[in-house]
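What follows is a short report on a single structure.
Computed from the coordinates by the stated procedures, all read-outs in this text should not be read as laboratory data. Quick caveat, the model's predicted, so the values are computed rather than measured. Using ideal geometry, Cβ is built from the backbone for each residue, glycine included, and neighbour counts are taken over all protein chains shown.
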Amino acid sequence: MIVAAVDVGSNSVRLLVAEVDDQGKVMPLHTELKTTRLGQGITEGRLIPGTMEKTLAVLEQYISRAGELGAQKIILAATSAVRDAANREEFTQLVRTATGRSLRVLSGEDEARLSYLGVMGGLNDVQNAVVVDIGGGSTEFTWPRDGHVVCISVNAGAVRMTEGGYGSGQIRMVIEEAVLAVRRDGYGEVVGVGGTVTTMAAMSLGLRVYDPLRVHGFRLARDTVLRLDQQLHELTLEERKVLPGLQPERADIIPAGARILNRVLQGLGAESVMVSEADILYGLATEARRLS
């Protein structure tokens, strides 16, 4: 079955059109990303009309593209920015009116579970991994415990931390409880997903043209994360915009994202993070196929 999954995030809206087989294997046919910054003003607790309009326009484009590519099922899912907004019902109704489709607003636990599902289907030999999904509004930690999966979502995302002016110590306090829970249970590998992690991998590789095949499965050392964290905080916005591997649209929020990842690895005592291109979109596609 050809499935289209759309992730309406705090920073960007992403599309995956993929063929999903009976075993849940996801074979990408088309991917797309547009930065709409729906989470702008996230600390105020409301979605802004301009970013809502921009996001709606992208959703209409994606649905049209998915139809052209033969998608038999299209699923739209929103994460932290919509989940936490006081006017979330207004936005979901706008989506229904504009597209004729419902927008599924994921809980933090659902978001974590779907990211974990995507990683498990996209990487080999990571059954004991903790999956860390650093988004624009939140960060999810997901790992196995006694035969089931544990999920914790915390309000530490690249957009949220940037707008709130959070420093390293404040970020550590926000993620501390989740990190301690992971450490108590133990883990075999740290797997990172989301734009912050893939961007830092691309920067480490010096990619002037993003190559998902090189990024997927790349091991990002903690020392490299620390170096990039320091470098990003020393540079001006304009200087960051020209760095290889960094999308200019992400240049304002990447320092906060890098600091979150740095703090996570320090807190876990992990020497590296394995980067996965397979993420929540893969999880959504797999689930959509399973429930069809």
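Structure above, values below:
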{"quantity": "Pairwise centroid distance, computed over Cα atoms, of segment 89-115 with segment 54-81, Å", "calculated": "11"}
{"quantity": "Residues of segment 270-288 with amide N under 17 Å of a point placed 7 Å along Cα→Cβ from residue 104", "calculated": "279-288"}
{"quantity": "Distance between modelled label sites at residue 127 and residue 57, nm, 7 Å Cα→Cβ extension", "calculated": "4.9"}
{"quantity": "Normalised contact order of the chain, rounded percent, pairs of Cα under 8 Å and 6 or more residues apart", "calculated": "22"}
{"quantity": "DSSP beta bridge pairing in the chain, given as percent antiparallel to the nearest 5", "calculated": "65"}
{"quantity": "Antiparallel DSSP beta bridges within segment 124-275, as percent of all bridges there, nearest 5", "calculated": "65"}
{"quantity": "Highest-fluctuation residue, 262, 124, 87 considered, GNM on the chain with Cα pairs under 10 Å", "calculated": "124"}
{"quantity": "Alpha carbon centroid spacing (whole Å) that separates segment 178-208 from segment 218-241", "calculated": "14"}
{"quantity": "Residue exposure sequence - 138, 153 - by fewest surrounding Cβ within 10 Å", "calculated": "153, 138"}
{"quantity": "Mean ellipticity per residue at 222 nm, deg cm²/dmol - from DSSP H runs of n ≥ 4 across the chain, formula -39500 (n - 2.57)", "calculated": "-14000 deg cm²/dmol"}
{"quantity": "Residue of 35, 55, 236 that the Gaussian network model of the chain assigns the largest fluctuation, springs spanning Cα pairs under 10 Å", "calculated": "236"}
{"quantity": "The chain: DSSP helices with Cα axial extent of at least 24 Å and average Kyte-Doolittle hydropathy no lower than -0.5", "calculated": "49-68, 168-185"}
{"quantity": "Rg to Rh, two decimals, where segment 16-130 supplies the alpha carbon set and Rh follows Kirkwood", "calculated": "0.99"}
{"quantity": "Mean separation of Cα contacts under 8 Å, 6 or more apart, over the residue count of segment 124-275: relative contact order %", "calculated": "30"}
{"quantity": "Dimensionless Rg ratio for the chain, taking C-alpha atoms and the 2.2 N^0.38 Å reference", "calculated": "0.93"}
{"quantity": "Debye intensity ratio I(q)/I(0), log10, segment 124-275, q values 0.11, 0.13, 0.18 Å⁻¹ (C-alpha model)", "calculated": "-0.38, -0.53, -1.02"}
{"quantity": "Within a Gaussian network of the chain (alpha carbon springs, distance under 10 Å), most fluctuating of 176, 189, 239", "calculated": "239"}
{"quantity": "Percent antiparallel among DSSP beta bridges (both partners in segment 51-192, rounded to 5)", "calculated": "60"}
